[in-house]
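A short write-up of the structure that comes next.
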Amino acid sequence: MPTLPQLKQVIDNLLSLPAANQLLQLNSNTCECAYEAYIFSLCAVAVRAAGGTAVLTGINSGPNPTIVVFRGGPGDMASTAQDFCYMNCTLGQKQFEIHVDVVYEGQSGASHEIDVSICESGHAQDVRQSGRAPRTNKYLVAAIECKFYQSTPGVALARTFVGLVKDCSPNRFNAFVSNQTSDGLDSFLSTAWAPKPFTDLTPLNPPSEGRFVANLEQVLRQWAASR
C-alpha cells in the first residue's frame, strides 16, 4: 500500500510540478485526498496519450498556477475561495475539463459528489458564470469514484456509486477505482450494469495504471471522433 509521501511524489512526477516550479497543496493532507489527485493525474496522462493537451489551470490564476490546490472535500466548481485547480483539455474538436471533488446536481435534483469528473468545457464555463452546480447531464463525460482503503473493502461504497451513476444521463465512462479489493467487491463490480472496476490501482502496480490509462484513452478517442 503506498504511503502519503509516495502518493505525493507520484503526483509531482505525473504532473511535472517540480520541472515547472509548481507546488502541490492538498487541503486535506491524507492518503484519501492524495489518491484522488493521483487518479486526476492519470486522467491527464490518458488525455495526452490520446493525442490531446491537458493544462493545469487555477480558477483564479489561470494556466499553470504556482500552487496546485486540491480541495480535499466536496465543493462547488465555481468556488473562488482558493485557487482550486482543474485540468483544461483539448482533444480533436472536443474541449473539456477534469475536476476533483465537485458536487453535481443529478437528474433527480439530488446533490452528488463526484471524486474525479470530466465535464465539457462549455458547461463548466456556464457554471462558473452562473455559480450554480454543474449537472449530470449530457455534458458530463466521465464519473470516477476513488477509494483508498486502509482495511479490507466491502461493497457499500460501490453500491452508493451505482446509485449516483443511475442519477446521471448516460456517460462515456463510469469507473470505480480503489487501492485494494476483496472477493465481495470484485463480485459486485463484475455485473454487466456495474461501473468499470479498477481495483488494486496504485503506483506500486504499474500494470493496473496502464489498464486504467488505456481504457480511458480509448473512450476519449472514440468520443473525440464522434459528432
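By the gyration tensor of its Cα atoms, with a ≥ b ≥ c the square roots of the eigenvalues, what is the shape of segment 56-111: rounded for a/c under 1.5, prolate for a/b over b/c, or oblate? The partial results should precede the final answer.
Details: a/c = 2.64, a/b = 1.20, b/c = 2.21.
Oblate shape, in that a/c is at least 1.5 and b/c is the bigger or equal ratio.
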Problem - DSSP-assigned coil residues among trypsin sites (Lys or Arg not before Pro) in segment 100-143, each with at most 15 further Cβ atoms within 10 Å - result: ARG132, LYS138
Exercise for the section: Select from the chain the helices, each a whole stretch of DSSP H, whose alpha-carbon atoms run 15 Å or more along the helix axis and whose Kyte-Doolittle mean is at least -1.0; answer none if there are none. Expected result: 4-15, 31-49, 156-166, 206-225
Exercise for the section: Report which label in (i) -0.25, -0.32, -0.60; (ii) -0.31, -0.39, -0.68; (iii) -0.35, -0.44, -0.78 holds the value of log10 I(q)/I(0) by the Debye sum over Cα atoms at q = 0.08, 0.09, 0.12 Å⁻¹ derived from the coordinates of this structure. Expected result: (i)
Exercise for the section: Starting from the Cα-Cα distance between SER108 and LYS138, subtract it from 0.36 nm times their residue separation and give me the gain in nm to one decimal. Expected result: 9.4 nm
Completion exercise
With the 8 Å Cα cutoff and a minimum separation of six or more residues, the chain has a relative contact order in percent of 17 percent
Completion exercise
Rounded to 0.05, the calculated FRET efficiency for the beta carbons of GLN6 and ALA156 at R₀ = 41 Å is 0.90
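How long is the gain from GLN93 to ARG48 if the chain were fully straight, where each residue apart is worth 0.36 nm and the alpha carbon distance is subtracted? Can you show the working numbers first?
On the way: separation 45, 0.36 × 45 = 16.20 nm, distance 1.46 nm.
Length gained between GLN93 and ARG48: 14.7 nm.
With a ≥ b ≥ c taken as the square roots of the eigenvalues of the C-alpha gyration tensor of segment 96-154, please select rounded if a/c is under 1.5 and otherwise prolate if a/b is larger than b/c or oblate if it is not? Could you put the intermediate results ahead of the total?
On the way: a/c = 2.51, a/b = 1.93, b/c = 1.30.
In terms of gyration-tensor shape, prolate.
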Practice task
Provide the FRET efficiency to the nearest 0.05 for the ALA225-ASP167 pair, computing r from the beta carbons and using R0 = 25 Å.
Solution key: 0.35
Fill in the blank from the handout: accessible surface per residue for the chain, probe 1.4 Å, DNA/RNA/ligands not counted, whole Å² -> 44 Å²
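Within the chain, what is the number of lysine pairs with alpha carbons under 16 Å apart, leaving out pairs fewer than eight places apart on the same chain?
Working: LYS94/LYS138; LYS138/LYS166; LYS147/LYS196; LYS166/LYS196.
The result is 4.
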Problem - Within-11-Å neighbourhood charge of THR57 [Cβ basis; K, R +1; D, E -1] - result: -2
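Multiply the residue separation of SER61 and GLN25 by 0.36 nm, subtract the distance between their alpha-carbon atoms, and state the gained length in nm to one decimal.
Working: separation 36, 0.36 × 36 = 12.96 nm, distance 1.50 nm.
Between SER61 and GLN25, full extension yields an extra 11.5 nm.
With a sphere of radius 15 Å drawn around the Cβ of PRO203, what net charge do the other residues whose Cβ falls strictly inside it have (Lys, Arg +1; Asp, Glu -1)? Working shown, then result.
Numbers: positive: LYS8, ARG211; negative: ASP12, GLU36, ASP200, GLU209.
Computed value for this residue: -2.
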Handout entry: the chain: antiparallel DSSP beta bridges as a percent of all, rounded to 5
Key = 60 percent
Practice task
Quick one: which residues, 5+ away or cross-chain, put their amide H under 5 Å from the amide H of MET77? H built at 1.01 Å from N.
Solution key: VAL103
Problem - Nitroxide proxy distance, nm - points 7 Å out along Cα→Cβ at SER130 and ASP183 - result: 4.9 nm
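Take the solvent-accessible surface of the protein heavy atoms, probe 1.4 Å, and return the percent of it on the chain that carbon and sulfur atoms account for.
Numbers: 4770 of 9910 Å².
Of the solvent-accessible surface of the chain, carbon and sulfur hold 48 percent.
The values are calculated or read from the model by the stated rules, or taken from the named source; none is laboratory data. Owing to the predicted nature of the structure, the values given are computational and were not obtained by experimental measurement. Methodologically, a virtual Cβ is constructed for each residue, glycine included, from the backbone with ideal geometry; neighbour enumeration extends over all protein chains shown. Areas reflect the complete protein model, heavy atoms only, side chains present, ligands, DNA and RNA absent. Shrake-Rupley method; radii C 1.70, N 1.55, O 1.52, S 1.80 Å.
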